[in-house]
Each structure stands twice: as structure tokens, then as C-alpha cells.
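Report on one structure; see the data block that follows.
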């Protein structure tokens, strides 16, 4: 309390009775896979397709990451984190040799791109006379995409700080240089680096995808990024198709994805089924081989056909990236409480297999969200279930709504920590949470004609007896009634004639 020593008028600012809780974001995706260029195992936030191409390059042969990210933004995605993996089996590195000024023009240095893949083919190195003429000195200019990015002037091949290899090693972010011949100055020339390819890495293991939270690698490193609400690994199917990992490795990665989402408690995994399966086979894979049971995971099938700019033809890709975009679009247009289904899949030309209603009847109860083509209505997502066997968590929108409410309350009540644990605090917390849930109910996310029917908040002496207070705890009980999707719409029609009815 302030001290008043002289007469006068004093103005003080005091906290209001309750503080508002702001709803957290619900549509931030994370993609893990193989890219043409870019940093390895560093989550990068992107908000449009142009940023992806600038950071990670264009489409890559036998890789689905670029298609997934493109499909995500095309279908309404707003923000995404991308993690590039496969550093241990990276693509070939572009290189070139600088001939020596003497010794018959034999190679004196080998220049290599620091970034593996096709991006190194845009680099060229030029050797020219130095600005300050000196014996054995020369000027090395590095260009990328025709633009000068680095210049090393008055460097030599002798010992000391002006040694060209030392200068490039300590300063360059584009190339590395190796001495391969006699210590002689290179000839005045210009060479372009070649040999870099954007093909799939020769070796990728399940551990590359899973990674480690301690080392910040793979999708385990995404534990440090709290904003993520969706996780997809489309390139898992790319390496599976190539035989780089087997069916057990595929299952191991998907189980790790589910475990990661369950551990974090604020995100849902979007899983892809293996390619080339018919309805019976995907059911057997889901039930007998995979056997996943989690309220933090969803599965979509079949694969969708999209246009591939690399080959100029259409190709089948796993649907997880497009589905993440539909989740984001549905959240933006209707809210997280709306089941992300009965939505058009933008960019989808066709499906890997046309699913019949009879086949769908067998797949939907198993939690397989089927993508179907309807005459005159396009290709649409026709399922919104999790992979949980618990009927309470059957629907995807219920799981994501709880994630939204839990995370919003968690972040919006941090001010409560270390406050005096008395009845005044209980009432302030109760008012704060009640105000947030009332707004959520008004947005249509909770079921009930009144707020009292939609939720309850209990924070009093019953939930906080003396032993709980002595332990330094404040317990608040919250119950909400989520809206469930109208998955089965039934119209009962009967004949009506003169007051007599005949049921059909």
C-alpha cells in the first residue's frame, strides 16, 4: 500500500475484478520431410508458398513435402512450421575445380556448395586480379543466381590470415574450398558448380523423422514450439515407396507421431495410409497391422491426384497436407467446433480409388476418414473422426475444441500464480473462466439453450479444502458440453392420407 504523509488528492490504478481470456490459435500446422535445400532440423515459420520456395526450394522428385505444403496453403492454411530432415543421407553436393595458374593448368582448388542438392548448381566462382596488386594475391568472387553474394579480395595461397581457404572457411555461408594441388594461385577464370541434385537422400531412417527433443531434431524438436496444433509427415510415404524404410519403420514413425501429440496434449497427428491399397486392404492395415487407438490422431484415405510441375503430369500424393489446410479453412470460416468435413479438397484432380457407399460403411466405424468424389459436388472430405475407441472422443472437432479451451485457459490464467489463495481469488478466477466460456457458447461451440446448460465452473471451499490450500494448490472444476456433428441425417417419411398414416 502507498504511504500518504501530506493532505491531498491521490489517484491510483487498480486491477479490475477479472481479466479476459483470449482464445489461442487453432490452425498452425507442422510438416516434416525432405526438401531441395534449406536448413536441417530447424523449424521455420512460413505463411505462404513463396516463403517455402525461397527457404526450401521447389518440388523435388519422389518427395511429397512440397506438395503437402502447397496443398496446405491452397486449401486455406495460414501459418505452418516446416522441418527438413535427411541430413545424414543428403543429396549430392554441387562442386567445381579451379585450375592453377601454373603447372599446366592442373586443378589447384575444389569448390563445393555448403548446401546439398540442386541449389548448389546456381553458384559460380570467379577468380580475378586483386584490388591491391601483390605477388600471389588474387580476388575470389562468389555469385549465386547471377548475383554477387561474397567477395574475398587480396587473398593468397600462403600461410596467414589472408589464406583463401581460411577466409572462406571462417566467413562463407555459401561455399567451402579445398586444396587439391600444389600451393599455387588459381588462374584467372570463372567456373560454375555442377553435380548437385534434388533427388531423395540415399539413406533416411525412422529416427531422422522422430528425432530428439534434447537435440531439437525431427518432429520431437517441435516440443519447443507451443503454437503448433497439427502434425503431418507426408514424406514418410515417399521413403516407404522407395523401400528405404519398411512397414515396421513406417508404423514406428506414426506411433511416435501419436506419442508426441499425446505428450504435448495440444496438437493432433494427421496420418496417411500406405499407397495402392483398396478398401479391404486399408481396413486390414488399420485394424490388424497398425491398430492405432488415440484421440490425438486422425487417418485419411485414399490418396489424391494433383498436378506435378516437376514432371508436367498429374501424380498421386498423400492427403495429409491438403487435410491440414481444410482444418485451417474450417476453423477460419466456422470455428474449431465445426467438424472439418463435407469440404471441397482444392487442387485434387481425382482420387486413387473411387469409394462406394458399401465400402465406406465398413471404413467409417474404424475411424478411417474417407475422401470421396460426388457428381456435381467435387471431391470432398467425408469423415471427421479420430482413431480413438472411446466414444466420448470419437469426433475430431470435440478433441480440437477441448485443445482450444484448455490451451486458452492455461495461457489466460497465468496471472493467478502466487496470488493470495482466498475466496476473493476463487471468485475472480470463476468470473474469468465463466466469461470466456460464455463467449465460446455464444459462438456456437457448446451445446445448450443457456450458458448453464452448456458449461459449469466450480471454484469454492468444496474444491479447495484446507489441505489443498496448504499444499499451495487452487483447484477449479470445469465441465463443458461440446457440440457433436450431425454425421447421420435421417428423414423419416410416411404416407399421410386423411389422418391415417402408414409407416414405411
Least to most buried among 267, 377, 431, by other C-beta atoms within 10 Å and fewest first, runs 377, 431, 267
By average Cβ neighbour count within 10 Å, what is the ranking of 403-409, 353-359, 433-439 from highest down? 403-409, 433-439, 353-359
If you build the Cα gyration tensor of the chain and take the root of 5 times each eigenvalue, what three semi-axes come out, in whole angstrom, biggest first? 53, 36, 19
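Using a Förster radius of 25 Å, what is the FRET efficiency between residue 410 and residue 44 based on their Cβ-Cβ separation? Nearest 0.05, please. Kindly include the intermediate steps, with their values, before the conclusion.
Working: r = 26 Å, r/R0 = 1.03.
My answer for the efficiency is 0.45.
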Nearest 10 degrees, 0 to 90: what angle lies between the long axis of helix 320-333 and the longest principal axis of the chain (Cα atoms)? 50
Put in order of increasing Cβ neighbours within 10 Å, starting from the fewest, 390, 332, 122, 208 give 390, 332, 122, 208
Of all beta bridges DSSP finds with both residues in the chain, what is the antiparallel percent, to the nearest 5? 70
By how many degrees, between 0 and 90 and to the nearest 10, does the Cα long axis of helix 65-74 differ from the longest principal axis of the chain? 50
With bins of 5 Å, the percent of all Cα-Cα pairs of segment 279-416 per bin from 0 is 2, 10, 17, 20, 19, 14, 9, 5, 3, 1, 1, 0
Working out 0.36 nm times the residue gap between residue 180 and residue 354, then minus their Cα-Cα distance, what length gain in nm do you get to one decimal? 56.7 nm
Return the FRET efficiency for the residue pair residue 488, residue 418: r is the Cβ-Cβ distance, R0 is 45 Å, and the value is rounded to the nearest 0.05. 0.35
How much length is gained on full extension from residue 227 to residue 278, taking 0.36 nm per residue of separation minus their Cα-Cα distance? 14.7 nm
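If each DSSP helix of 4+ residues adds -39,500 (n - 2.57) and the sum is divided by the residues in the chain, what number results at 222 nm, nearest 500 deg cm²/dmol?
Working: 13 runs with 129 residues, N = 504.
The helix contribution divided over the chain gives -7500 deg cm²/dmol.
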Relative to the longest principal Cα axis of the chain, at what angle does helix 247-264 sit, 0 to 90 degrees, rounded to 10? 60
Grab the Cα-Cα distance for residue 5 and residue 166, subtract it from 0.36 nm times how many residues apart they are, and report the gain in nm with one decimal. 51.0 nm
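Using a Förster distance of 30 angstrom, determine the FRET efficiency expected from the C-beta separation of residue 456 and residue 366, and round it to 0.05.
Details: r = 34 Å, r/R0 = 1.15.
That pair, residue 456 with residue 366, gives E of 0.30.
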Range of Cα positions in segment 95-192 per principal axis (Å), largest first: 36, 26, 20
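Expressed as a whole percent, how much of the Cα-Cα distance distribution for segment 415-504 exceeds 23 Å?
Details: 1988 of 4005 pairs.
Result for the distance tail: 50 percent.
Every read-out reported here was derived from the displayed coordinates using simple, explicitly stated rules and does not represent laboratory data. Fair warning: this is a prediction, and the values are worked out from it, not measured in the lab. Cβ sites come from the backbone with ideal geometry, for glycine too, and all protein chains shown count toward neighbours.
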